[in-house]
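The values are calculated or read from the model by the stated rules, or taken from the named source; none is laboratory data. All of these numbers come straight from a predicted model, not from anything done at the bench. Quick reminder, even Gly has a Cβ in these numbers, built from the backbone with ideal geometry, and neighbours come from all protein chains shown.
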Amino acid sequence: MKLREDKGWTYGARSSFSADEHAGQFQFSSGIKADKTDSALIEVMQIIREFVASGPTADELAFMKSSIGQRDALRYETGAQKAAFIGRILEYNLPADYVDEQNKILKNITKDEIAGIGKKYLAPEKMNILLVGDKNKIYDGVKKLGYEIVELDADGKPVEKKAF
């Protein structure tokens, strides 16, 4: 909301956790105006730090519960979606009433429980940040933020620095 509505730097921003039985990740993504990349990065990292420190607001918790409920209503419309859902149940050995249990958890989860998850799994000082864009437009602004910058080529390999 801050990046889209308050600042006008993007049409949309999203974040999520995803995991399997071995590992997980937190991801934020957005298409940001190139000349605001550094400013947006500052804002995003500040929002994450605030979340780790304080957890969600009551409005954020209500929004999360509503949006997950609405998203799930659309998740199983097609045959392929239903097959993938059944596949997840089998892969993770979930009970037949998995969806009902998940809905109960969602309905009853508290601000403090979500705050605990944030404290446990979000570590802004350890995050890897991947920015994609026109180097000429974003590099100088991002460099000023003090992050270690590793430039990657189109194949994800580090670009070797040229000796002068």
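A count restricted to the range 93-116 and to residues that are small (Gly, Ala, Ser) and assigned to a helix (DSSP H, G or I) stands at 2. Based on this model, can you work out whether Ala34 counts as under 22 Å from Leu3 (Cβ atoms) and either in the same structural domain as Ser18 (by TED's automatic domain parsing) or at pLDDT below 90 (or both)? When the stated conditions are applied, Ala34 passes them.
Just one of the listed residues (Glu77, Glu21) is assigned to a loop (DSSP other than H, G, I, E, B) and either more than 27 Å from Ile129 (Cβ to Cβ) or outside the structural domain of Gly141 (by TED's automatic domain parsing) (or both), and it is Glu77.
Selection of the range 135-164 for residues being touching a residue at least 12 places away in the same chain (Cβ under 8 Å), in a loop (DSSP other than H, G, I, E, B) and under 23 Å from the mean Cα position of the chain (by Cα) yields Leu145, Tyr147, Glu151. Somewhere in the range 118-134, is a residue surrounded by 11 or more Cβ atoms within 10 Å (Cβ to Cβ), assigned to a helix (DSSP H, G or I) and either at positive phi or without any contact (Cβ under 8 Å) to a residue 24 or more places away in the chain (or both)? No, the range 118-134 has no match at all.
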